[in-house]
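Student: My questions will all concern the structure given below.
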Amino acid sequence: MEALWEIPPTVWIAGGLALYMAWAIGANDVANAMGTSVGSGALTLRRAVVVAGVLEFCGAFFVGGHVTDTVRKGILDASLVQASPDLLLQGMLGALAAAATLLLLATRVGLPISTTHAIVGAIVGFGAVGLGLDAVIWSKVGQIAASWVTSPLMGGVLGFLIFHLVRHLVLDRANPFEAAQRVGPYFFFAVFFVIGLVTLFKGLKHLDLDYDLPGALLRATAVGLAGGALGRVFLTRVKARAGKGHDVRFVDVERVFAVLQILTASAVAFAHGSNDVANAIGPLAAIVNVAQGAELAGKAAVAPWMLAVGGLGIVLGLSTWGYRVMETIGRKITELTPSRGFSAELAAALTIVVASRAGIPVSTTHILVGAVLGVGAARGIGALDLRVVGRILVSWVATLPIAAALSVFFFYFFKGLLSP
Amino acid sequence: MSLMGSLFGRSPIRPMQQHMRAAVACAREVLPLFEDMAAGKPKRIASRRREIDRLEHEADRIKNEIRSHLPRRLFMPVERRDMLDILDHQDSIADVAQDIAGLADQRAMVVPGDLREPLLDLVRRVIAACDQAERVVNELDKLLETGFRGPGVARVEEMIGELSRIESDTDELAERVQRRLFDMEGELGVSTVFWYQMINWVADLADYAERVGNRLRLLIAS
């Protein structure tokens, strides 16, 4: 990297906006992922913040590149863009500024909007107006938009199935406490294996660690076994607080699930970091590429330092503001017991991690809501407020056009500012 | 407000259990009430009535709270309609207990000697039915914990079966009291009508308790 004073001002602006986006993700979205564990009492607030910070960073740093690539160059036609790199630079700046403004306004008004929807809407808006309708790869945009419907559905179906599995393997048993301790390590294995596989299989290119499928499978199995052994140690440390009554037994069962829930909450944090870091870093990566005059299809397009900046931004947002949001959410969702939180989070983490691996920017919060509704459909949760589904639909319909319009505005603003 | 924060509604199950506790507390007061009526202590009867009134108001308060927090948009593991039906039956237990205490107080009724034993037997059995119904309702939160499946369901169904058996007993006991009542019709005069009403109300308590159980059986199976 060149010396600091050689960095063009556009990169400074872009870096600042990207850092703000990452901060906003950490301040608002992480709480959705981890608040469930705080609410069920599986983690204290302090521990939740530490766990989330570490794993969000890891997710962003290790697996965040795929989605970042999509946001950077998957939505807009590279060949058209290459002809006018300045326009791309101004447009990406505009998209970042638009998404950041929208987030700021929405937080002020108390509307829940998805950073993913904001940034994708902003890029599409600038692309369609600034570069022309042909510059937008509509098939890719369609694929992303479809995933915003299918990914919460997948989370829901998985949540439904996993809770049925939990009920069949643990809750229905004559001794659910022992059953939970016996089955738990297998869940640990599954989570570590899937995340290990996703991370290792062509996931660490930017660190020069590139495994093919057999190599990744082998190593992921090792990671999974280590995770299973770790799980066994933690789970057997939970001792039944005696008491033979039916009630007391389920209190003990939930204490085992509280350990399992720490696992899945960590997985969600990892998955969230891997997917959402792109919302901040994708446009930045595109801008840096143009500013450095690198070829847009260049290989080392998403540099590790960018992912690190994104990850740090998220951690910063979490530690300056997000912990408060987490506390509020945790207080609100005490209805979600650890066995339910575990089922929903496992479903969400698997869905998000698969989407990240496929390079699709999805809304982690929407997937988590889908997963919780899935557990509810399996008669697992006392009462769910279906208004939330309406709010999600509203945020879909509203976020995209507003982000697009704002982005066009900022695009012309930066065009006027930066053009000679 | 974040999406996750607004996702969770308030489950009606614990308030339902609280309501049942208050309703059955009303029914339980009927036994000392009848004992006082048997002993001919009108002052004590008045204070029993006040206590039952207080408990009935408490049940009403909980009932209204549940109703106002059970909007249609809530997605629950149990049918909203079933919940409201059960709530109505539970509330009837409190209402009928209140009617019994009201009549006992207004007419300053004294249990005739020959009616005493069979009537108190009936009241005790009726309260046993209410207690059993309360125990069944108290299983609801555990059923939710297991997702309305597994060994817990069989156990609750057995408890509901026991509730039905107790209710059949109360039918027989009520029949016996009423036969005894009609034997005494000449000596009691117009009081016969009021005692007939009283016995029916007492038997109704067990009927409503059984209906709570039957409705719960449907709710679990759905």
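The values are calculated or read from the model by the stated rules, or taken from the named source; none is laboratory data. Quick caveat: nothing in here was measured; it's all calculated off a predicted structure. Cβ: placed from backbone, ideal geometry, glycine included. Neighbour counts: every protein chain shown.
Student: For the stretch A:331-346, indicate whether the set of residues that are away from chain B (no Cβ under 14 Å) and either at negative phi or without any contact (Cβ under 8 Å) to a residue 24 or more places away in the chain (or both) is non-empty.
Tutor: Yes.
Student: Looking at this structure, is A:Thr365 touching a residue at least 60 places away in the same chain (Cβ under 8 Å) and more than 11 Å from chain B (Cβ to nearest Cβ)?
Tutor: Criteria not met by A:Thr365.
Student: To continue, here is another question. Yes or no: the stretch B:198-214 includes at least one residue that is out of contact with any Leu (no Cβ under 9 Å at 6 or more places or on another chain) and of a type in the set (Val, Ile, Thr).
Tutor: no
Student: Hey, another quick one. Could you list, in sequence order, all residues of the stretch B:53-63 that are within 28 Å of B:Glu79 (Cα to Cα), under 16 Å from the mean Cα position of the chain (by Cα) and surrounded by fewer than 16 Cβ atoms within 10 Å (Cβ to Cβ)?
Tutor: Listed by number, the list holds a single entry, B:His57.
Student: Sort through B:Val123, B:Val110 and tell me the only one that's under 19 Å from B:Lys41 (Cβ atoms), among the β-branched types (Val, Ile, Thr) and assigned to a helix (DSSP H, G or I).
Tutor: Within the list B:Val123, B:Val110, the selection yields B:Val123.
Student: Within 21 Å of the chain's Cα centre (by Cα), among the hydrophobic types (A, V, I, L, M, F, W, C), modelled with pLDDT of 90 or more and within 23 Å of A:Ala48 (Cβ to Cβ): is that true of A:Ile367 in this structure?
Tutor: So A:Ile367 passes the test.
Student: I need the full set of residues from the stretch B:35-63 which are of a type in the set (A, V, I, L, M, F, W, C) and modelled with pLDDT of 95 or more, in order please.
Tutor: Correct list: B:Ile52, B:Leu55, B:Ala59, B:Ile62.
Student: If you don't mind, another one. Among the listed residues B:Leu120, B:Leu74, B:Leu103, which satisfies the condition of being surrounded by fewer than 20 Cβ atoms within 10 Å (Cβ to Cβ) and within 14 Å of another protein chain (Cβ to nearest Cβ)?
Tutor: B:Leu74
Student: Still on this structure: Looking at A:Leu153, is it modelled with pLDDT of 95 or more and farther than 30 Å from A:Phe413 by Cβ?
Tutor: In short, yes.
Student: Quick one: which of A:Asp212, A:Asp134 is more than 24 Å from the chain's Cα centre (by Cα) and more than 29 Å from A:Met21 (Cβ to Cβ)?
Tutor: A:Asp212
Student: For the stretch A:132-165, what are the residues that are β-branched (Val, Ile, Thr) and in a helix (DSSP H, G or I)?
Tutor: Within the stretch A:132-165, A:Val141, A:Ile144, A:Val149, A:Thr150, A:Val157, A:Ile162 meet the criteria.
Student: Right, another one. Which one of A:Leu197, A:Leu169 is of a type in the set (A, V, I, L, M), assigned to a helix (DSSP H, G or I) and surrounded by 21 or more Cβ atoms within 10 Å (Cβ to Cβ)?
Tutor: Every option except A:Leu197 fails the conditions.
Student: Taking the condition of being in a loop (DSSP other than H, G, I, E, B) and under 23 Å from A:Asp134 (Cβ atoms), how many residues in the stretch A:59-117 meet it?
Tutor: Result for the stretch A:59-117: 3.
Student: Could you grab me the full set of residues in the stretch A:27-60 that are within 14 Å of chain B (Cβ to nearest Cβ) and either in contact with a Cys (Cβ under 6 Å, 6 or more places away or on another chain) or over 19 Å from A:Leu350 (Cβ atoms) (or both)?
Tutor: If the condition is that a residue be within 14 Å of chain B (Cβ to nearest Cβ) and either in contact with a Cys (Cβ under 6 Å, 6 or more places away or on another chain) or over 19 Å from A:Leu350 (Cβ atoms) (or both), then A:Ala27, A:Asn28, A:Ala31, A:Gly35, A:Val38, A:Gly39, A:Ser40, A:Ala48 are the ones that fit.
Student: Looking only at the stretch B:138-150, filter to residues that are in a helix (DSSP H, G or I) and at the interface with chain A (Cβ under 7 Å from one of its Cβ atoms); which one of those is surrounded by the fewest Cβ atoms within 10 Å (Cβ to Cβ)?
Tutor: Only one residue fits best here, namely B:Lys142.
Student: Do you know which residues across the stretch A:368-416 are within 13 Å of chain B (Cβ to nearest Cβ), crowded, with 24+ Cβ neighbours inside 10 Å and closer than 28 Å to A:Ala128 by Cα?
Tutor: A:Thr399 - this is the single residue of the stretch A:368-416 that is within 13 Å of chain B (Cβ to nearest Cβ), crowded, with 24+ Cβ neighbours inside 10 Å and closer than 28 Å to A:Ala128 by Cα.
Conditions tested, residue by residue: (1) free of Cβ contacts under 8 Å to residues at least 12 places away in the same chain; (2) buried (at least 22 other Cβ atoms within 10 Å of the Cβ); (3) over 15 Å from the mean Cα position of the chain (by Cα).
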| residue | (1), (2), (3) |
| --- | --- |
| A:Ala22 | no, yes, no |
| A:Ala27 | no, yes, no |
| A:Ala31 | no, yes, no |
| A:Gly39 | no, yes, yes |
| A:Glu56 | no, yes, no |
| A:Gly64 | no, yes, no |
| A:Val81 | no, no, yes |
| A:Leu88 | no, yes, yes |
| A:Gly91 | no, yes, yes |
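Student: Could I ask something else about it? Could you tell me how many of the residues in the stretch B:6-52 are touching a helix residue (DSSP H, G or I) at 6+ places or on another chain (Cβ under 8 Å), within 14 Å of another protein chain (Cβ to nearest Cβ) and either surrounded by 21 or more Cβ atoms within 10 Å (Cβ to Cβ) or of a type in the set (Val, Ile, Thr) (or both)?
Tutor: 6
Student: Let me ask something else. If you take the residues in the stretch A:97-122 that are more than 16 Å from A:Ile144 (Cβ to Cβ) and in contact with a Gly (Cβ under 9 Å, 6 or more places away or on another chain), which one is surrounded by the fewest Cβ atoms within 10 Å (Cβ to Cβ)?
Tutor: Filtering first and then ranking leaves A:Pro112.
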